[in-house]
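The values are calculated or read from the model by the stated rules, or taken from the named source; none is laboratory data. The model shown is predicted, which means the values in this text are computed figures rather than measured ones. Cβ atoms come from the backbone with ideal geometry, glycine included; neighbour counts cover every protein chain shown.
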Amino acid sequence: MKSWPRFAKAARANPIPVATYMTGTVYFALGGVMGVLGLADSLLGEDALGFFVGAAIGLGLGLVLRQLGSPQAEPRRAEALLTVAVLWILVPILGAIPFWISGGLGYLDALFEATSGFSTTGATILADFDQFSYGLFFWRSMSQWFGGMGILLLFIVVLPHLALAGRQMFFAEVTGVQKQQLTPKLRQTATNILRVYLLLTLLTLTAYLLTGVPVFEAVANTFSSVSAGGFSPNPQSFAAYSPLTQWIAAWVMFLTGVNLLLQYRAIFDREYAAPLRDPEFRAYALIVLTVGLLMASILYLRHDYNLEPAFRHAFFQTASIITGTGFASADFAMWVVPAQTLLVMLMFIGGSAGSVGGSIKIIRWLVIGALVRRELQRALHPQAVLPLRVGNKNVGEDVLRAVSAFITLYVGLFASGALIMGILEEDFVVAFTASAAAIGNVGPGLGSVGPMAHYGDLHPISKGVMIFQMWAGRIELIAVLSLFTPELWRRLRAQARNQT
Amino acid sequence: MKRKPKPWLITNLRFAYYFLGVVYLALGAVMLGLEVISLALGESPWGFLLGAGVGLSLGWWFRSLGDPRHEPGRAEALLSIALIWLLVPLLGAIPFWVAGGMNYLDAVFEAMSGFTTTGATVLADFEQFGYSLFFWRSLMQWFGGVGILVLVVALLAHLAVAGRQLFITESTGIQKEPFTPRLRTAALSILKVYATLTLAAALCYWIAGVPAFEALCNALTTLPAAGFSPNPRSFEAYSPLAQWFGTLFMFLGGAGFVLQYRLFFTRDPRPLLRDVELRVYTLIVLVFSTVLAIFLITHHTQDMNYSWSDAIRHAFFNVTSIITTTGYASADFALWVPAAQAILVAAMFVGGCAGSGAGGIKVIRLLVVGAIVRRELIRSLHPQAVMTLRLGNKSLGEDVMRSVAAFITLYVALVAAGAVLISLLENNFVVGFTASAQAVGNIGPGLGEVGPMGSYAGLEPLSKLILIVQMWAGRIELIPVFLLLTPELWKKLKG
């Protein structure tokens, strides 16, 4: 695209060309999508004003920002961090417009819904599902699908490249992050991931359609299943569908928590044993299996479920919470405390590092477990030099430090959120689970924010806290928190000075 | 004299046996003394008699098995700590069991809560206990405080466990040296402060109108940050002045004793003022109390009739009580609004200073973790930068950071595991979470049914057992207990 002369000068002085350009591109694309949805909605005779306003802003701002920025091959670290952090909040700010104008929500609520969408959380403030048109429901689910795609690229390509939160280690052999540039190999990796993502989307859609889910709901649920999102256009979530659909959804959710690169190797390279050799996958499968069986027995013994429903709900809910999807096949806020406790515990585990799953992620738990084991040995042999291994990979000291700092930040941010909401909501269970569900991008909590309820009645500040948690939690905290270090801004200013 | 080697005995533990024997003998002697008191008061004499008998005979036997000249290695030293902290409450529980009308599990819970300076009680009916039993209960907390100060502050630092190597250089100026006279002097000076403050506390309480017996018992449990009170209403029963004195002495009990030694005995306040940990500790207490006071003023002036001065007093008292992991209550905070309770729950995870009898994570570890996190954030911008971490004017070694990170992970994991299990058993989320958090932090009261005016008597036996293990592990800073689960330890002991 040719640069307009007036912008060309501003673009040269812009200290953050990549952030601007990226935001512009994404805005432009989302503007286009909203335009199409607006047309569809107006054909159906619904209120499409929100989409058109959103489309106009998206396309217009997108164009301007693209002109102001420039696509550089390699942004500096400070700018890369800024880009990641800012993009993940600017997108919901745009995406909220249709909910705000056509959905009858206040802007804060609309922003909550949109952040929950693009961060694939699935926490909703929607009390009355009649408020939304087809277009809005479609947009809601689609935002999760886009969010899922974005997060995969972020997790497997960008963050390892930036060596954030320990990610430099997790995919070292597949992505070749030791090299300094975005190599063709990385591009290949990105394509591979998206191929798996699309394949999973198609398969899920077919399966839902075949098991009798109405077409519109099947499409929307597919979008929010494969992205571990959790928005459903049906107020009953998956409780409204047949047992077979629920079983299929449980499997789909299980797959969304598995490293997509492993899935690629199993599906396209026919290395069927690859997942079985992976320590993260093994731990993940083991946890799902153990917790699922435990929960099934609790449900069978303490509630009047038969054997099959007990197993179905147990595994559905286990997969749903551990991956941070948040669908419900039953109102688990009504279950006995032991079952709920297991679910809360799962909120802190999360899926694999190379998946759309949220929360802390299995591999980090493996790393921290190895650290603790080594420290125990060191208590006996203080002088010993003990290498740290997860599977057959060595964990470097930098990874170790990054992972422990990440987990500390995660727990700290969760606890502060719980404390603030505890004060505002005057309800411990709501505060505790809402905070865990937001930062882990899970969706539903317990009590009055359970799976069949909504977050609409929370205090506005609580909603603000949750928006922050969903945003920060989704992109693994570091990028967002670096915005609060003076260091980042000092570097950006220095960069600006160098350019002029 | 040559003894036959006993195959079941781990001979490397000779020092531990000897030490355990001495402790058992001493406790047996104390119980013998209490036996005299209970006879004089006409209370049931059998508990202390049996306890003294078991203590003295087992103590003598252990002592004869052991050998004081054996120099313990790391594995033995760590195992000894774990062993002693487990076996001493088993002995101390006997009087509660025989004379206090409890079953043995409850008695062990009470004794473990005593020696670990926790202060969680299973005593639902305070009539059950005579004076002598209440005195024993308070005395065991005081002993527990002595034990923790000497054994854990000095020995763990010496062994460089759980990041403790940092604290000792910080507070005593002792570098890595063998267990030498200097360390002994440090331990002695700590105890001097500890005993002096205990006396002062007893005197102050008594002046403020607390009955003499209760003043003494409460003083014995204030300084080790323990929390048993012979009065079922804890400090709620006393005058405002006594409550303010309680706040003061709890605060002092949670501050490092070494620094106070410098102040009181060498009249040098500078190390006290320069100490980063103490400053942050003071700041945290002030901030939490102020916020809590605001909530009490805005929420409870009507329904609980708090005046401003009541609100401020209760805020300072209970925040200090929870942060220092003492666990007294000047009001039934389980009845306060959730917002106020949330602040107290947050305070449960702070803990006092490292050189005190307080439990919890401890302020200095939180400072270390804060430093690590800040550095990682900066490192995300400069991945190649080499940065040394500083705390005050000390630079932190990588080994300290790693062990602090591992410690906090274990701590949180133990709280979480306990919370899940107890919630499963009790069908109650709030009880599960707060009971677990208070047990690992050696605090005492939780919220809900196990609040400050409630008791742990109604819990399932298995929950009590979990809490006993948590109190035990939390008190000796987790590492020795978790080591018991590693095969390396047992391999090393055999070899």
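Points to keep in mind about this one:
- If only residues of the stretch B:34-89 that are of a type in the set (D, E, K, R) and closer than 17 Å to B:Leu139 by Cβ are counted, the one that is modelled with the highest pLDDT is B:Glu35.
- Verdict on B:Val368 being more than 10 Å from chain A (Cβ to nearest Cβ), touching a strand residue (DSSP E or B) at 6+ places or on another chain (Cβ under 7 Å) and either of a type in the set (A, V, I, L, M) or part of a helix (DSSP H, G or I) (or both): yes
- Failed condition for A:Ile362, given (1) more than 10 Å from chain B (Cβ to nearest Cβ); (2) modelled with pLDDT under 80: (2)
Residue-by-condition table, conditions (1) more than 14 Å from chain A (Cβ to nearest Cβ); (2) under 21 Å from the mean Cα position of the chain (by Cα); (3) part of a helix (DSSP H, G or I):
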{"site": "B:Ala342", "(1), (2), (3)": "no, no, yes"}
{"site": "B:Cys353", "(1), (2), (3)": "yes, yes, no"}
{"site": "B:Ala358", "(1), (2), (3)": "yes, yes, no"}
{"site": "B:Ile361", "(1), (2), (3)": "no, yes, no"}
{"site": "B:Arg375", "(1), (2), (3)": "no, no, yes"}
{"site": "B:Arg379", "(1), (2), (3)": "no, no, yes"}
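- Members of the stretch A:246-300 that are crowded, with 20+ Cβ neighbours inside 10 Å and among the hydroxyl-bearing types (Ser, Thr, Tyr): A:Thr256, A:Tyr264, A:Tyr284
- Of the residues making up the stretch A:462-500, those that are within 13 Å of chain B (Cβ to nearest Cβ), aliphatic (A, V, I, L, M) and part of a helix (DSSP H, G or I) are A:Ala472, A:Ile478, A:Ala479, A:Val480, A:Leu481, A:Leu488, A:Leu492, A:Ala494.
- Of the helices (runs of 4 or more DSSP H) lying entirely inside the stretch A:220-338, those carrying at least 2 residues that are within 22 Å of the chain's Cα centre (by Cα), away from chain B (no Cβ under 14 Å) and among the β-branched types (Val, Ile, Thr) are A:243-256, A:307-322.
- For the residues A:Gly95, A:Gly50, A:Gly106, A:Gly62, the requirement of being in contact with a Gly (Cβ under 6 Å, 6 or more places away or on another chain) and among the small types (Gly, Ala, Ser) singles out A:Gly62.
- Here A:Val390 meets the list (1) more than 10 Å from chain B (Cβ to nearest Cβ); (2) out of contact with any helix residue (DSSP H, G or I) (no Cβ under 6 Å at 6 or more places or on another chain) almost entirely, failing just condition (2).
- Flag for B:Tyr24 being under 19 Å from B:Phe134 (Cα atoms) and more than 14 Å from chain A (Cβ to nearest Cβ): no
Residue-by-condition table, conditions (1) at pLDDT 75 or above; (2) more than 19 Å from A:Arg77 (Cα to Cα); (3) of a type in the set (Lys, Arg); (4) in a helix (DSSP H, G or I):
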| site | (1), (2), (3), (4) |
| --- | --- |
| A:Ile156 | yes, no, no, yes |
| A:Pro160 | yes, no, no, yes |
| A:Leu164 | yes, no, no, no |
| A:Gln180 | no, no, no, no |
| A:Ala190 | yes, yes, no, yes |
| A:Thr201 | yes, yes, no, yes |
| A:Thr206 | yes, yes, no, yes |
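- A:Gly354 meets the stated requirement of being touching a residue at least 60 places away in the same chain (Cβ under 8 Å), closer than 30 Å to A:Ser225 by Cα, away from chain B (no Cβ under 12 Å) and in contact with a Leu (Cβ under 6 Å, 6 or more places away or on another chain).
- Filter pass, B:Ser436 being in contact with a Gly (Cβ under 8 Å, 6 or more places away or on another chain), at the interface with chain A (Cβ under 8 Å from one of its Cβ atoms) and among the hydroxyl-bearing types (Ser, Thr, Tyr): no
- Checked against (1) at negative phi; (2) at the interface with another protein chain (Cβ under 10 Å from one of its Cβ atoms); (3) surrounded by fewer than 19 Cβ atoms within 10 Å (Cβ to Cβ), B:Gly448 passes all but a single condition, namely (1).
- Hits in the stretch B:381-408 (condition: surrounded by 15 or more Cβ atoms within 10 Å (Cβ to Cβ), under 13 Å from A:Arg401 (Cα atoms) and within 7 Å of chain A (Cβ to nearest Cβ)): B:Arg402, B:Ser403, B:Ala405, B:Ala406
- Being more than 25 Å from the chain's Cα centre (by Cα) and away from chain A (no Cβ under 13 Å) is a condition met by no residue of the stretch B:318-326.
- Of the residues screened, A:Asp331 is one that is acidic (Asp, Glu) and touching a Gly at 6+ places or on another chain (Cβ under 7 Å).
- Residue selected from the stretch B:454-495 under the condition among the polar types (S, T, N, Q) and at pLDDT 90 or above, by the criterion farthest from B:Leu424 (Cα to Cα): B:Gln470
- Any hit, the stretch B:228-240, residues being over 21 Å from B:Gly327 (Cβ atoms) and of a type in the set (Phe, Trp, Tyr): no
- Test: B:Val280 is more than 21 Å from the chain's Cα centre (by Cα) and surrounded by fewer than 23 Cβ atoms within 10 Å (Cβ to Cβ): no
- For beta carbons closer than 7 Å, sequence separation of 6+ or different chains, a first residue in the stretch B:79-101 that is more than 15 Å from B:Ala29 (Cα to Cα) and a second that is not basic (Lys, Arg) and not in a helix (DSSP H, G or I), the qualifying pairs are B:Ser80/B:Pro72; B:Ile81/B:Ile476; B:Ala82/B:Ile476; B:Ala82/B:Leu484; B:Trp85/B:Ile476; B:Phe96/B:Met102; B:Ala99/B:Ser44; B:Gly100/B:Phe129.
- Of all residues assigned to the stretch A:322-335, at least one qualifies as being under 16 Å from B:Val420 (Cβ atoms), without any contact (Cβ under 8 Å) to a residue 40 or more places away in the chain and not acidic (Asp, Glu).
- For the stretch A:448-500, residues that are modelled with pLDDT under 85 and either hydroxyl-bearing (Ser, Thr, Tyr) or closer than 23 Å to A:Glu425 by Cβ (or both) total 1.
- Which numbered condition B:Gln243 misses (of (1) part of a helix (DSSP H, G or I); (2) surrounded by fewer than 20 Cβ atoms within 10 Å (Cβ to Cβ); (3) in contact with a helix residue (DSSP H, G or I) (Cβ under 8 Å, 6 or more places away or on another chain)): (2)
- Check on A:Ala437, buried (at least 24 other Cβ atoms within 10 Å of the Cβ), of a type in the set (Gly, Ala, Ser), out of contact with any Lys or Arg (no Cβ under 8 Å at 6 or more places or on another chain) and not in a loop (DSSP other than H, G, I, E, B): yes
- The set of residues in the stretch A:365-377 being in contact with a strand residue (DSSP E or B) (Cβ under 9 Å, 6 or more places away or on another chain) and either over 16 Å from A:Gly396 (Cβ atoms) or more than 14 Å from chain B (Cβ to nearest Cβ) (or both) consists of A:Gly369 alone.
- Residues in the stretch A:394-414 that are surrounded by fewer than 21 Cβ atoms within 10 Å (Cβ to Cβ), more than 7 Å from chain B (Cβ to nearest Cβ) and over 16 Å from B:Met401 (Cβ atoms): A:Asn394, A:Gly412.
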